[in-house]
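Engineer: One structure, as structure tokens, below. Some questions next.
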Amino acid sequence: MDRYEAQLPMLRSLFGIFLAPGITEALLRLARPAVRLATGGGARVRLGGSPLLPPGEPWPTWQGRPLDYLGAVDFARLPRLPCLPPRGTYAFYYVNDLPRPWGDDPSQRGAWRVFTGELRPTAAPPEVTPSPERPLGAAAFLSLPSPQEPILRRLDGSYSGVLSVYEQLYAAWQQYVWPDHVPVHQVGGWPALVQRPLGPDCHCASTGRDIAATPLSPEEATTLADQWRLLLQLDSDPHLGWHWGEPGRIYFCTHQDDPTESTWLTLQATP
């Protein structure tokens, strides 16, 4: 039995105390495998440290500003995740200095990059101060959709009042997976949202759609939330010198029809 299967009975017991069996099963079908990145368990992922780039690739820049190296993920060393690469190392870059791009406009494309294929250590330019290396272990877990996700809103329409109960159960599960004061670094699964669902934001920002002029229907928002999947979530982390808010997180998301390197990034932070 793998880690994902082992957690299903735990979730079923948690939900079953407060919810009817039919609602419990509907919620369990929404759970997605994910990987938690944290200290302990042997180094599987290295954030910060020596930058990696393809041979001959110049240091990435955006509007004359150098990007910062965030780290690399070798998917072959992680538990298998649906909808994500089964193997290959991916190096992640982002303009981390102020003013930061939030990923809310098509003109910001290029303010983050994802490289894969043959990657080699490279020296950062003098104006870039690399983050200290932070080796992290990888633990499989079942992620749950945040209460803000459109699918939960639709479920509440079918089972009136379930959302208010689910919010408490979701908070309890998050506390189990992510103890206090631990940066919420994650690969795959449902994102731990700070504000809004990622799918609609990624779609509108990457295509230039004015959501105020042409609002999304509930059905469209649900579809987009499913089409855009989380690749990598990085939290504010004092060990790496990252501070994006309290909380503040960046999300690299990939669309099901696009190559993994063509990610869109969204930054979410508390006001």
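The values are calculated or read from the model by the stated rules, or taken from the named source; none is laboratory data. Just so we're clear, the structure is a prediction, and the values are computed from it rather than from any experiment. Don't worry about glycine lacking a Cβ; one is built from the backbone with ideal geometry, like all the others, and counts go over all protein chains shown. All accessible areas refer to the heavy atoms of the entire protein, side chains included, with ligands and DNA or RNA removed. Shrake-Rupley method; radii C 1.70, N 1.55, O 1.52, S 1.80 Å.
Engineer: In the list Arg120, Arg87, Arg113, which residue meets the criterion of being loosely packed, with under 14 Cβ neighbours inside 10 Å and in contact with a Pro (Cβ under 6 Å, 6 or more places away or on another chain)?
Structural biologist: Just a single option satisfies the conditions, and that option is Arg120.
Engineer: Identify all residues within the stretch 251-260 that are more than 18 Å from Pro200 (Cβ to Cβ) and either in contact with a Ser or Thr (Cβ under 6 Å, 6 or more places away or on another chain) or surrounded by 15 or more Cβ atoms within 10 Å (Cβ to Cβ) (or both); write none if there are none.
Structural biologist: Thr260
Engineer: Does the stretch 205-250 hold any residues that are over 19 Å from the mean Cα position of the chain (by Cα), open to solvent by less than 70 Å² (accessible area, probe 1.4 Å) and of a type in the set (D, E, K, R), and which are they?
Structural biologist: Arg209, Glu220
Engineer: Taking only the stretch 10-37 into account, find how many residues are more than 25 Å from Pro79 (Cα to Cα), open to solvent by less than 40 Å² (accessible area, probe 1.4 Å) and either of a type outside the set (A, V, I, L, M, F, W, C) or in contact with a Lys or Arg (Cβ under 9 Å, 6 or more places away or on another chain) (or both).
Structural biologist: Of the residues in that region, 1 qualify.
Engineer: Considering only residues that are at pLDDT below 95 and among the basic types (Lys, Arg), look in the stretch 69-122 and name the one that is farthest from Gly56 (Cα to Cα).
Structural biologist: In this case the residue turns out to be Arg80.
Engineer: In addition: Do the conditions hold for Val194, that is, is it out of contact with any Gly (no Cβ under 6 Å at 6 or more places or on another chain) and open to solvent by 10 Å² or more (accessible area, probe 1.4 Å)?
Structural biologist: Criteria met by Val194.
Engineer: Oh, and also: Condition first: within 17 Å of Ala31 (Cα to Cα) and either open to solvent by 30 Å² or more (accessible area, probe 1.4 Å) or hydroxyl-bearing (Ser, Thr, Tyr) (or both). Now tell me which residues in the stretch 166-191 satisfy that.
Structural biologist: Once the filter is applied, which keeps residues that are within 17 Å of Ala31 (Cα to Cα) and either open to solvent by 30 Å² or more (accessible area, probe 1.4 Å) or hydroxyl-bearing (Ser, Thr, Tyr) (or both), the stretch 166-191 yields Tyr166, Glu167, Gln168, Tyr170, Ala171, Ala172, Gln174, Gln175, Tyr176.
Engineer: Right, something else. Quick one: would you say Thr222 is at pLDDT below 90, among the hydroxyl-bearing types (Ser, Thr, Tyr), at negative phi and assigned to a loop (DSSP other than H, G, I, E, B)?
Structural biologist: No.
Engineer: Return yes when Met1 is assigned to a loop (DSSP other than H, G, I, E, B), out of contact with any strand residue (DSSP E or B) (no Cβ under 7 Å at 6 or more places or on another chain), more than 30 Å from Thr129 (Cα to Cα) and modelled with pLDDT under 95 and no when it is not.
Structural biologist: Yes.
Engineer: What do you reckon, is Thr254 at pLDDT 85 or above, within 30 Å of Thr39 (Cβ to Cβ), among the hydroxyl-bearing types (Ser, Thr, Tyr) and not in a loop (DSSP other than H, G, I, E, B)?
Structural biologist: yes
Engineer: Right, Gly137: open to solvent by less than 50 Å² (accessible area, probe 1.4 Å), at positive phi and of a type outside the set (S, T, N, Q) or not?
Structural biologist: So Gly137 fails the test.
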